[in-house]
Structures are given as structure tokens and as C-alpha cells.
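Asker: Next up is a structure, given as C-alpha cells.
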Amino acid sequence: MLALVAVLTLTATEDPKQLLWIVLLAVAAAPAFLVRHHIWSPAGRLAEVVITSLAAGFVASSADTVGRVNAGFGAEAILPYLAVPLLTAALHRRSTEGPVLLGVAAVTMVIGGGVSGSLGEPGYLAACGQWLVLGAIVTFAAETMRQLLQPPEPTPQPYAEATRLLTQLRSVARSLPGATLDPGGISEHLLEELRAVAPGHRAAVLSASGGGRLVVLAQSGAERVDWEVTLDADSAIADAWATQQPQTASRSQARTHSGGEASSLVVPLVAGVRTIGLVILETDAAGAYPSPVVQAVTEVTGPAALRLEAALLFDDVRSLATNEERQRLAREIHDGVAQELVMVGYGIDNAQATLPEGADETAEELRTLRGEVTRVITELRLSLFELRSEVDRNGGLAAAIAEYARTLGTSAGLRVHFTFDESTARLPAATEAELLRIAQEAITNARKHAGASNLWVTCTVDPPYAEIEVSDDGKGFADERPDGRYGLTIMAERAERIRGRLKITPRHPSGTTVAVVLGTPPRRDSVRESVSAPEGE
């Protein structure tokens, strides 16, 4: 616009001295263009309006002198610049500045026209009136025009958005190397990286769980450590979680440390504004974590926080998808195969009812077949119950296992004995789901293959520690059934997924014990709530 009005002014007046107004406009525009200050920018726009309005009278007078433009219309050469400060104020949504600038422009045009002698020219008054009207349109219509030109907000399409995000997730999951969307795998890799930049005899990565406690995703060291996992204790762990800043301490953060000199460093894993976990480093020496070491550790943990958050979110999505698929399979089986088997049973019953006298051999075969169909239907119903079984966030893991064991024990004539020792704190939902599935598989194997009379189910939970044990007094694994071995493989895979240990041992004098252990046993006084069911329930 400066270039345009400079050309118009020089053409209308043929006087290079009039370009001084253009230089003044450039100086006045500099604060708004360069500084963008809440005071200097409006002051610059005010100066632009004053200079433009004053220049209009002098440019009009100079144009009349050379005879290029008559009757004061020479003001049209510089007045187009008036739109620049007015439009800028409107686009910055300064609703009061625009009318003030218009008022200043009108007063200044009168002053400039009077000083230059152009005020009595009809052309000057017409030009000034025209650009004041155009300035008012710019001032009051700019917001409406901005809203009209702004693209409309897209209508929310939840399924389309979900499809887009899931497609991206699938692409990312396929492109990443193995174990990079597994929280435990990422945590172990992080500990390996930290081993190269900081000293440590023990290290661990912890993340949040239910009940205001932390769970251990991975740890390294000569022995498994029972870390302090409460966030309400007086510890560097609680301080790091609350402040989102690295914390050092001259004592161990483990509940089972034997004492002696120790240095610990706790670094929070922060993604955005949310703390998703902690990294703990410890060594049996004093002053092992000065500021340079802390800085080196945080440089490693910073990018790892985002990776761990993505893995935890992916774990949640996978758990939700798995549960939904189990429910879908249960519905499909119930509405499909189960109903067809029931119809087959009715058909066998009808065939038995219409047999002629003397067909004893056929009747016996039909009775055997009917018994087999009844057995398959019973197994199918138990499978449906297993698919639909979930850990209620209000009931807990022990209640879910007890319900399943009680139902299967009743169907098989087993005498089930329960022993529960469960803290009020909770394990992560994905971990509880895997432990439930392991317990279900162990109970199912005992019911199907062991030929047992009694079943003992023990559930001990004190996060991050948990132990589920299922024992029977059956015949053990002497038959080497392939389907049983496949079930053991599945249980071992589930235990490995949650960083647990599966143990299968003979029970004396007969039977088998299947146990899955997660973490290390805590101190006995840390169990806040204990529930023990009487034997034989």
C-alpha cells in the first residue's frame, strides 16, 4: 500500500517533496509491523491515521497547483492508505480502536484541509467522506467478513475419526521393531540405556496403578527388590511424583534394603503435563548422583516417557479390544453353535420316543449319543461363562476367581477350598485380566483332566506382588495329554506377558499345583485387608 500511494502521490502532484508523507507513514507503521507491542502497535496505527489525514489536504492542494487533478480530488492519491490501520485493528479484534481511529481521522482531515486550504474544495470533502465511509465499512464489517470467510467447523464423525486413528495405530505398530509397544519391553530397554550413563546396583521403572500405588514394570540388579510403591509415604518416590522433578536421597527406596550406605535417584517420566511413571536408580555408595549425572539421566528418560505413554495407551486399547472380542465370540457361540446343539439334542429325544419296540441296541446308542451331546452343551456353556468372566473393578481379582472356581466346581462335583489374602490396592487392569485367565485355565485343566475330588485355590494380592495358586488331588500329568500341554503353554505366555513366573509342581500325595507369581512377597504388615474363606465353601 505504501508503494501504491507513493506512485499515486507522485503522479498527482509531480512534487517529490510530497513523498515525505510516505516516509513518515513508513516510520509510523514500523512499531505495528516489527514490535507488535500492546501499546506501541496501537500508537503506531494512530500515527498512521493522523499522517494520512493530514497529508490528504496537502497532497490535494499540491495536485490542484500543478493542474493534474482539480477541485481537491488529489486527496484520493493518499487516502487509500487509511484502510491499512483500520483493517489491522479490526483483524486484531480491537473493537474500540476502530471507531476511535475513524473519529481522529475525521478531525485530522478537517485540520489538514483547513491548514492547506483544501477544505473549501468540493472534491476534497467528497474524497474524505468517501474514505471515511469505506473505513467505517472496514471497521464494522471486518469481523462479519472474517466469520463468513472462515471455514465451517467440521461435524464430528466419531466412527470416521476412530477409523483414522486405528489405521494410524496399525501402521505404526507394524513399522516399529518388536516389543516397542510393550510397557515391560520399553522399560527394560530404558534400564539398559541408563546402565551406560549412571552407576547403579539396582534400578526399576514404575508406573501408576489403581489404589494410589505404583507397579514395577521392569527392574534390574542381582536380586528382585521390594520397592516402596505408596505415593503417600515420606520418600523420594512420592516427592518426585508430586513435583515432577528428579529427587536424590541418601537412603534406599526399597522396603527390604538391609541398610548401610546408599544413594538413590528418582526421575519422573513426564509426558506433557502428566506423570506416567518413575525411574529409580540406586547404588551402595554415598553421593553417587551429582548434578551432571542427573542431567545425563534426564536426557535419556525424557524421550522414553513418550514411548512408555504410547505403550501404556496401546496396552489399554489392546485390553479393551480383547474384552470386546471375547464378548463377541460368546454371543456368536451362544446364538450359533450352542443353539444348534440344543436342536440336535431335541432331535435325538424325538428319535428315542419314536423307536419301535425291540430296537434296544439302537436305543442304547441314542442314549449314549444324547449323553455326549449333553456333555458338549455343558462344556460349551462353561466356555461361554469363561469368555464372559471379567474382573469387576469394584469386586477385585479374588472375587472373580472365586466365582469362576465355584461355578466350575459345582458342575464337576469338586469340593473347592478358597484362601484369599487381598490388599485394598489394585493391580493394573491388564495384569488382573491376565491373572484371571491363568487361573481359569488351571481350574479348567483340573476339572477336565485331573479326575480330582478337591480343588484348592489361593489368591494373594498386595501390589506389585501377586500369587495365584491352584492345586488338585487328581492324577497329575501322567497321561501327557496334548491339549493339557497346550493350555500350559498359553498360561506360560500369559505369565511372561505380565513379567510373572509360572510354576508347575506335583502335589503330594497326588495331584498338581499350578502357581503364577508376580513380583516379590512384601512385608506381612503391608497387607491392609485380609479375607479368608472357610475350607469347603
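Asker: Return the equivalent ellipsoid semi-axes of the range 206-329 as a descending list in whole Å, where each equals the square root of 5 times an eigenvalue of the C-alpha gyration tensor.
Answerer: 30, 17, 13
Asker: Just tell me, in residue order, which DSSP H segments of the chain are both 20 angstrom or longer along the helix axis (alpha-carbon based) and at least 1.0 in mean Kyte-Doolittle hydropathy.
Answerer: Counting only whole DSSP H runs, the qualifying helices are 97-116.
Asker: Take the range 252-314, compute every pairwise Cα distance, and split them into 5 Å bins from 0; I just need the percent in each bin.
Answerer: 4, 17, 23, 19, 15, 13, 7, 2, 0
Asker: Which aspartates and glutamates does Lys503 reach when only Cα atoms under 15 Å apart count, and residues fewer than 8 places away in its own chain are ignored?
Answerer: Once the sequence-local aspartates and glutamates are set aside, what remains near Lys503 is Glu441, Glu467, Glu469, Asp472, Glu493.
Asker: Report Rg/Rh for the range 43-114, rounded to two decimals, where Rg is the Cα radius of gyration and Rh the Kirkwood radius.
Answerer: 1.05
Asker: In square angstrom, what is the accessible area per residue of the chain with a 1.4 angstrom probe?
Answerer: Spelled out: the 1.4 Å probe surface of the chain, per residue, equals 52 Å².
Asker: Rounded to a whole number, what % of the accessible area of the chain do carbon and sulfur atoms account for, probe 1.4 Å?
Answerer: Answer for the chain: carbon and sulfur cover 59 percent of the accessible area.
Asker: Counting only Cα atoms, I'd like the Rg/Rh figure for the range 283-431, Kirkwood definition for Rh.
Answerer: In the range 283-431, Rg relative to Rh is 1.29.
Asker: Sticking with this one: For the chain, what D do you get in µm² per second when you plug the Kirkwood radius from alpha-carbon pairs into Stokes-Einstein at 37 °C and 0.692 mPa s?
Answerer: 106
Asker: For the range 1-97, what does the convex hull of the Cα positions come to per residue, in cubic angstrom?
Answerer: Convex hull of Cα atoms, per residue: 81 Å³.
Asker: To the nearest 20 Debye, how big is the dipole of the chain about its Cα centre, given +1 on the beta carbon of each Lys and Arg and -1 on that of each Asp and Glu?
Answerer: Roughly 1340 debye, rounded to the nearest 20.
Asker: Using a Förster distance of 51 angstrom, determine the FRET efficiency expected from the C-beta separation of Val376 and Asp316, and round it to 0.05.
Answerer: 0.90
Asker: Let me ask something else about it. To the nearest 20 debye, what charge dipole does the range 25-131 have about its Cα centre, counting +1 at the Cβ of each Lys and Arg and -1 at the Cβ of each Asp and Glu?
Answerer: Approximately 360 debye in magnitude.
Asker: Out of Leu281, Asn323, Gln339, whose Cα points farthest toward the positive end of the dipole of the range 253-359 (charges: +1 Lys, Arg; -1 Asp, Glu; placed on Cβ)?
Answerer: After comparing all options, I get Leu281.
Asker: Also, quick follow-up: Between Val7 and Thr489, with labels modelled 7 Å along Cα→Cβ, what's the label distance in nm to one decimal, could you check?
Answerer: Placing both labels 7 Å beyond Cα along the Cβ direction yields 8.2 nm.
Asker: Along the charge dipole of the chain, which of Gly221, Thr489, Ala60 sits closest to the positive end, that is, farthest toward it, with unit charges on the beta carbon of Lys, Arg, Asp and Glu (+1, +1, -1, -1)?
Answerer: So the residue we want is Ala60.
Asker: Let me ask another. For the chain, what's the relative contact order in percent, using C-alpha pairs closer than 8 Å and at least 6 residues apart?
Answerer: Value for the chain: 9 percent.
Asker: In the chain, if the dipole is taken from +1 on Lys/Arg beta carbons and -1 on Asp/Glu beta carbons about the Cα centre, which of Ser41, Leu86, Ala126 is farthest to the positive end?
Answerer: Ala126
Asker: Still on this structure, please answer the following. How many times 2.2 N^0.38 Å is the alpha carbon radius of gyration of the range 28-68?
Answerer: Expressed relative to 2.2 N^0.38 Å, the Cα Rg reads 1.57.
Asker: Hey, another quick one. What relative contact order, as a whole-number percentage, does the range 377-452 give when Cα pairs under 8 Å and 6 or more residues apart are counted?
Answerer: About 36 percent, as a whole number.
The values are calculated or read from the model by the stated rules, or taken from the named source; none is laboratory data. Since the model is a prediction, treat every value here as computed from it, not as a measurement. When we count neighbours, we look across all protein chains shown, and the Cβ atoms used for this are built from the backbone with ideal geometry, even at glycine. Heavy atoms of the whole protein, side chains included, go into the accessibility calculation; ligands, DNA and RNA do not. Shrake-Rupley method; radii C 1.70, N 1.55, O 1.52, S 1.80 Å.
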